[in-house]
Amino acid sequence: MAVLAVACSWPPDRAGGQAGEAPARQVDFSAAGLEVPEVESFLSALQHAVRAGDRQQVAGLVAYPLNVTLAGQRTAIADSSQFEARYAAIVTPAVKTAIEASSVDTLFANSQGVRIGRGEVWFGGVYPEGSDRYVLKILAINVR
């Protein structure tokens with residue numbers, strides 16, 4: 001007679017993975033007043049624009065005036081034309097890498113918004129003038 005051994009763990013893994021695996025991280029953006037699908041969509045649009053080097057598209061994802069820290073100096077970028085003109089100084093290789101390497105489960109959220117990387121980029125909901133519906137926009141970029 002053959003004996004069949006079945007490995008199991010108790011209590012059952014709540015994350016649905018195999019016993020011994022780290023549970024999947026629960027992504028929660030409620031501290032920033034946001035939901036996962038809208039954060040996923042915004043991050044995807046930002047990554048696509050940055051990978052394509054599309055200055056105009058990235059500029060369209062920004063809330064103005066934009067606070068940018070360049071070489072330790074806080075600078076206000078007034079509008080999309082200023083952003084596009086200074087794109088290379090703002091979207092540096094380090095900022096680009098932080099954006100491209102991010103995934104929804106690596107983001108951090110608090111009442112200030114959602115952080116990409118170590119704070120290279122912050123984004124969140126802003127209300128366009130005269131609107132009662134927010135849109136996601138980049139709130140700050142910190143170039144180190």
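So for segment 54-64 (the condition being part of a helix (DSSP H, G or I), closer than 14 Å to VAL121 by Cα and modelled with pLDDT of 95 or more), does at least one residue qualify? Yes, segment 54-64 contains a residue that is part of a helix (DSSP H, G or I), closer than 14 Å to VAL121 by Cα and modelled with pLDDT of 95 or more.
Okay, residues lined up against (1) touching a residue at least 12 places away in the same chain (Cβ under 8 Å); (2) buried (at least 16 other Cβ atoms within 10 Å of the Cβ); (3) of a type in the set (Asp, Glu); (4) under 14 Å from LEU46 (Cα atoms):
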| residue | (1), (2), (3), (4) |
| --- | --- |
| LEU70 | yes, yes, no, no |
| SER80 | yes, yes, no, no |
| VAL114 | yes, yes, no, yes |
| TYR127 | no, no, no, no |
| LEU136 | yes, yes, no, yes |
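Among the conditions (1) part of a helix (DSSP H, G or I); (2) under 15 Å from LYS96 (Cβ atoms), the only one that PHE42 does not satisfy is (2).
The C-beta contact set for segment 40-57 (first residue within 12 Å of VAL91 (Cβ to Cβ), second residue surrounded by 14 or more Cβ atoms within 10 Å (Cβ to Cβ) and among the basic types (Lys, Arg), distance under 8 angstrom, 6+ apart or interchain) comprises VAL50/LYS96. Considering segment 35-66, the residues that are of a type outside the set (A, V, I, L, M, F, W, C) and over 17 Å from the mean Cα position of the chain (by Cα) include one that is surrounded by the most Cβ atoms within 10 Å (Cβ to Cβ), namely ARG55.
For segment 80-126, a residue qualifies if it is among the polar types (S, T, N, Q), closer than 20 Å to VAL36 by Cβ and not in a strand (DSSP E or B), and the qualifying residues are SER102, SER103, THR106, SER111, GLN112.
On inspection, PRO93 does not qualify as without any contact (Cβ under 8 Å) to a residue 24 or more places away in the chain and closer than 18 Å to TYR134 by Cα. On inspection, SER102 fails the criterion of being more than 18 Å from ALA76 (Cα to Cα), open to solvent by 50 Å² or more (accessible area, probe 1.4 Å), touching a residue at least 24 places away in the same chain (Cβ under 8 Å) and polar (S, T, N, Q). When residues in segment 82-99 are screened for being of a type in the set (S, T, N, Q) and either surrounded by fewer than 14 Cβ atoms within 10 Å (Cβ to Cβ) or over 17 Å from LYS137 (Cα atoms) (or both), 2 of them pass.
The values are calculated or read from the model by the stated rules, or taken from the named source; none is laboratory data. No experiment lies behind these values; they were computed from the predicted model shown. Every residue, glycine among them, receives a Cβ derived from its backbone with ideal geometry; neighbour counts consider all protein chains shown. SASA here: full protein model, heavy atoms, side chains in, ligands and nucleic acids out. Shrake-Rupley method; radii C 1.70, N 1.55, O 1.52, S 1.80 Å.
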